[in-house]
Structures are given as structure tokens and as C-alpha cells.
Amino acid sequence: MKTSVLVALLLVLTLTAGTAAAQQAPFNEVGVTMGHWHIASKDVEANKKLFLAMGGKLYTPGGNPLIMFPGVLINLNLGNEKGEGGTQGSVVNHVGFIVNNVQQRVAQWKAAGVRVLPGNNNRLDQAFVETPDGVRIEILEDKTQSMPVRNEHVHFFLPENEIPKAQAWYAKTFGGKPGTRNNGPVVDLPGVQFRFNKADAKQAPTRGRVLDHIGFDVKDHEAFVKKIQAEGIKLDEPVRKSPTGSIITYITDPWGTRIEIVQRAPLGPQVQQP
């Protein structure tokens with residue numbers, strides 16, 4: 001009897017861990033998958049409430065709130081830093097989710113207290129959500145997907161002559177696949193698509209703003225760091241182990257996007273909400 005109980009418990013724990021791990025896309029050929037957005041919130045609780053209402057799952061590695069959606073993790077605080085300035089006006093103009101039905105999700109989120117803005121020209125298959133601190137999230141629709149919501153894209157706004165360089169840089173550095181969407185340049189990576197739009201003026205770097213940086217998870221931190229250093233990319237700081245046990249460092253792309261490189265330690269159990 002005790003053996004049966006132990007086996008059942010181990011099965012539950014395995015399934016729970018597997019579900020958490022499955023939320024991120026598999027690593028690509030160079031050992032990279034989309035990792036996280038890192039928000040320097042002025043009001044962590046308000047942001048936590050918003051993302052949970054949108055369908056995120058709460059984890060607390062190291063005691064800090066982290067929200068998981070399929071394809072991305074969202075850190076809600078950055079030590080004691082408080083970001084100044086939303087995403088609009090920075091090189092990362094906005095990020096994007098894709099849902100199975102925009103109008104159903106909008107109704108659900110509004111009922112939970114989320115402020116949702118209409119799509120451009122009142123498109124019914126598009127909407128926008130802004131966090132209290134000004135992180136803009138585009139909501140698009142894919143009626144064929146089985147899950148209610150998942151991560152979809154990061155949208156860069158750059159000077160026109162820099163866009164081909166940025167597309168090539170992200171494809172080479174992270175093993176992405178360059179392509180087009182609606183005649184616009186993109187790079188596809190596991191869990192995310194990077195999109196590039198023309199900006200009329202140079203945009204601000206991300207560091208110090210509310211969306212301070214984005215992050216990639218890597219399979220082998222040491223090997224990936226050697227790869228990018230061989231390509232001439234300099235680290236912003238030495239490789240170190242975070243308090244949660246993850247191995248991390250930072251780089252900054254040539255256009256001002258701060259990027260964390262993470263070999264991630266286990267998140268621990270999901271925090272069940274009442």
C-alpha cells in the first residue's frame with residue numbers, strides 16, 4: 001500500500017514538473033528558446049493581478065513572483081529598481097500574445113478587471129492591453145490554437161536602414177530563422193517571433209525602462225557564451241549564479257535592447273490561487 005502511494009505521489013510530481021517545463025518551447029539547434037520579459041514594476045501586486053487575470057500561472061522562485069504563459073515567463077520586479085517609461089518610445093515598442101478568440105478573451109479579461117483597448121481601426125481580431133506601468137501587449141487571434149493564450153512576438157522599432165542588420169544579427173546570434181510576415185521582416189525562434197518596424201526617430205534603449213530587458217533560456221550556458229564571444233559579442237557583466245541557482249549574464253544588442261542569457265534552475269511548484 002505504501003509503495004502504491006509513493007508511486008502515485010512520484011507520478012503527480014513528475015506530471016507537475018513536466019507541465020511547468022512544457023510551457024517553454026524546445027531548444028533550437030544552438031540551444032536557445034524564448035525565456036522571459038523582465039519588468040521593473042512600480043506596483044508588483046497590480047501587475048501580478050493583471051497577468052493572472054489574463055491566464056498566467058504564478059511561481060515564486062527565490063520568493064519573487066514570476067508569471068508563466070506558454071512560451072514566456074514574466075518577472076515582475078528587478079530588485080529595488082523601478083522602471084521609468086513604458087515600451088512605446090523604446091526599441092522594444094511592444095510585445096504580443098496570441099489567443100484563440102480575441103472577443104471571448106477580451107470579455108473574460110474585462111470581467112476580471114483588466115483594462116483592454118480596442119484593435120486598430122476597431123479590428124475584432126486584435127486588441128491591446130497595457131500594464132499599469134506602460135508595457136504594451138498586442139493581442140492577436142489564431143482560432144486554430146488549442147490553448148486560450150500564449151506568447152507570440154516581440155516588436156522592435158528601429159531606423160529603416162538598421163532593420164536588415166537587426167534581422168541578420170538575431171538570426172545569427174540566437175539561431176533564428178529569418179523570414180517575412182505581411183511583407184515585413186521577422187526572425188522566428190522557439191516560442192517567439194521577432195518583428196521589425198520602421199521608426200521615424202531613434203528609440204531609447206530598454207535598460208532602466210519598465211520593460212528593462214528580455215531574456216533567452218539556453219541549454220548550455222558556457223557553450224553559448226563561448227559561441228557569442230567568438231562572434232565578437234561582449235558580455236555586459238561576468239557570468240554568475242543568481243540566488244535561485246540559475247546561471248546568468250547579460251548582453252546588449254547593437255540597437256539598445258538589453259538581453260539576459262539564462263541557464264534556468266527549476267522554478268519550484270506553481271502557487272495555487274484561491
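The values are calculated or read from the model by the stated rules, or taken from the named source; none is laboratory data. This is a predicted model, so every value here is computed, not measured. All Cβ positions, even for glycine, are placed from backbone atoms using ideal geometry, and neighbour counts span all protein chains on display. SASA here: full protein model, heavy atoms, side chains in, ligands and nucleic acids out. Shrake-Rupley method; radii C 1.70, N 1.55, O 1.52, S 1.80 Å.
A few points about this structure:
- Residue in the stretch 218-227 that is open to solvent by less than 20 Å² (accessible area, probe 1.4 Å) and either in contact with a helix residue (DSSP H, G or I) (Cβ under 8 Å, 6 or more places away or on another chain) or charged (D, E, K, R) (or both) present: yes
- Residue in the stretch 110-132 that is acidic (D, E), at pLDDT 95 or above and buried (at least 16 other Cβ atoms within 10 Å of the Cβ) present: yes
- Here G256, G268 are screened, and the one residue that is over 18 Å from A166 (Cβ atoms) and open to solvent by less than 50 Å² (accessible area, probe 1.4 Å) is G268.
- Any hit, the stretch 200-221, residues being more than 21 Å from the chain's Cα centre (by Cα), over 27 Å from P70 (Cβ atoms) and among the aliphatic types (A, V, I, L, M): yes
- Cβ-Cβ under 8 Å pairs, at least 6 apart or on other chains, the stretch 174-186 side open to solvent by 90 Å² or more (accessible area, probe 1.4 Å), far side β-branched (V, I, T): K177/V187; T180/V186
- Q145 being polar (S, T, N, Q) and crowded, with 19+ Cβ neighbours inside 10 Å: no
- Index of the failed condition, V271 passing every other in (1) touching a helix residue (DSSP H, G or I) at 6+ places or on another chain (Cβ under 8 Å); (2) touching a residue at least 24 places away in the same chain (Cβ under 8 Å): (1)
- The C-beta contact set for the stretch 162-173 (first residue surrounded by fewer than 14 Cβ atoms within 10 Å (Cβ to Cβ), second residue among the aromatic types (F, W, Y), distance under 6 angstrom, 6+ apart or interchain) is empty.
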